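Undergrad: Attaching a single structure in structure tokens format; questions to follow.
Any read-out appearing in this document is the output of simple, stated calculations on the displayed coordinates, not a laboratory observation. Please read these numbers as outputs of a predicted model, since none were measured by experiment. Note: ideal-geometry Cβ built from the backbone for every residue, glycine included; neighbour counts use all protein chains shown.
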Amino acid sequence: MITLGISVLLVGFALNPAIALAGFSLFGADTAVIFPLAISAVAQRKERPAAVNVTALAYLSCVVFLRGPPLLGADAEFFGMHVSFGIALPLVVLSWFMVLLLRSNA
């Protein structure tokens, strides 16, 4: 999760394309690792059946996958690329708090 924050900072504050490319590469690698872990984590939750939890996460990720790029594009059009990708930083911080919350409830 720390590297996810670093990748967002690299992209958001990139001064040249090489730094932005490194940030995007790190961001992609982090996402490729985090998503299977998230599926496993929601399947282990005990409040609801595992199938319901996995379905909810799959639905949420599909909605984000379809709605995220147009929203980022609109933000980039109005505010610029750096601001557009900097919007992800508060979401990364929120995910850190959610991980801490899941750890305390486990």
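Undergrad: Measure nothing but the geometry: give the 0 to 90° angle between the long axis through the Cα atoms of 2-12 and the longest principal axis through the Cα atoms of the chain, rounded to 10°.
TA: Computed tilt is about 30 degrees.
Undergrad: Also, quick follow-up: Step through the residues of the range 46-55 one at a time and calculate ³J(HN,Hα) from phi using the Karplus curve (6.51 cos²θ - 1.76 cosθ + 1.60, θ = phi - 60°), rounding each to whole Hz and writing x for Gly and Pro.
TA: Per residue, the Karplus-derived 3J(HN,Hα) values read 9, 5, 10, x, 4, 4, 5, 5, 5, 4 Hz.
Undergrad: In deg cm²/dmol and to the nearest 500, what is the mean residue ellipticity at 222 nm of the chain if only DSSP H runs of at least 4 residues count, each as -39500 (n - 2.57), divided by the residue total?
TA: Only helices count here, giving -29500 deg cm²/dmol.
Undergrad: Turning to a different aspect of this structure: Given Cα positions, please report Rg to Rh for the chain, the hydrodynamic radius being the Kirkwood one.
TA: 1.02
Undergrad: Check each of the chymotrypsin sites (Phe, Trp or Tyr not before Pro) in the range 1-103 and keep only those in coil by DSSP with at most 14 other C-beta atoms within 10 angstrom; list them in order.
TA: PHE13
Undergrad: If you find the alpha carbon centre of the range 6-45 and of the range 49-106, how far apart are they in angstrom?
TA: Here the answer is 12 Å between Cα centres.
Undergrad: Per residue of the range 27-44, what does 6.51 cos²θ - 1.76 cosθ + 1.60 with θ = phi - 60° give for ³J(HN,Hα)? Whole Hz please, x for Gly and Pro, Karplus curve as stated.
TA: Karplus-based 3J(HN,Hα) across the range 27-44 equals 4, x, 5, 5, 5, 5, 8, 6, 4, x, 5, 5, 4, 5, 5, 6, 5, 8 Hz.
Undergrad: Once you've got the GNM for the chain with C-alpha springs shorter than 10 Å, pick whichever of GLY23, GLY86, GLY68 has the biggest mean-square fluctuation.
TA: GLY68
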